[in-house]
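Remarks on the structure that follows.
The values are calculated or read from the model by the stated rules, or taken from the named source; none is laboratory data. Quick caveat: nothing in here was measured; it's all calculated off a predicted structure. In this analysis, Cβ positions are derived from the backbone assuming ideal geometry, glycine residues included, and neighbour counts consider all displayed protein chains. All accessible areas refer to the heavy atoms of the entire protein, side chains included, with ligands and DNA or RNA removed. Shrake-Rupley method; radii C 1.70, N 1.55, O 1.52, S 1.80 Å.
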Amino acid sequence: MTLSMDDVRRFVRADQGLAVVSFARPDGSVHSSLVNAGVMEHPVTGAESVALVVRGNTIKLRHWRHTPRATILFKSGWSWIGVEGATSIIGPDDDLAGFDPVGVPQLLRDVFTSAGGTHEDWDEYDRVMTAEHRTAVFIEPTRITGSG
């Protein structure tokens, strides 16, 4: 069975964008955490990617700054879909060539809404994202696997 980003979108909608993102630590063990993620175009490359927002002081963000690879898994009941690929990060402490840093607040909103998020006070949302140095992470798929 061939799986696509359309299948990933279906899983995003099935459980409010909840997913487990994982990466290999230098010692070979695996770090995993629960996140909200969605599917959207990468703002520089235009490639369909899985996107999430993380706090600026997290282990995963520090890791991705040095080793830009991740796997993310979405589930719905007993079915699941996983996406693995290279990561790129854009945020207040992470410029990306081709992206104007002035656009970070809107980018964080776009990632949040791609994961099904809504907010009643976008100014407050922006304030919290800035205070926490929230950063957008994109996983560009090189492999999609799952039970369909």
(message) For the chain, what does the relative contact order come out to in percent, with C-alpha contacts under 8 Å and a separation of six or more?
(response) 32
(request) May I ask you to compute the full-extension gain from A14 to R55, defined as 0.36 nm times their residue separation minus their alpha-carbon distance, rounded to one decimal in nm? (result) 12.3 nm
(request) Note down, for the range 1-49, the three equivalent ellipsoid semi-axes (square root of 5 times each alpha carbon gyration tensor eigenvalue), biggest first, whole angstrom. (result) 22, 15, 12
(request) Obtain the nm distance between the two label points defined at T142 and S79 by a simple spin-label model: each point lies 7 Å from its Cα along the Cα-to-C-beta direction. (result) 2.8
(message) I'd like the accessible area for E132, computed on protein heavy atoms only with a 1.4 Å probe and all protein chains in place. Round to 10 Å², please.
(response) 70
(message) For the chain, take N as its residue count and report Rg(C-alpha) divided by 2.2 N^0.38 Å.
(response) 0.99
(message) Taking only Cα atoms of the range 100-145, what ratio of Rg to Rh do you get with Rh as the Kirkwood inverse-distance radius?
(response) 1.05
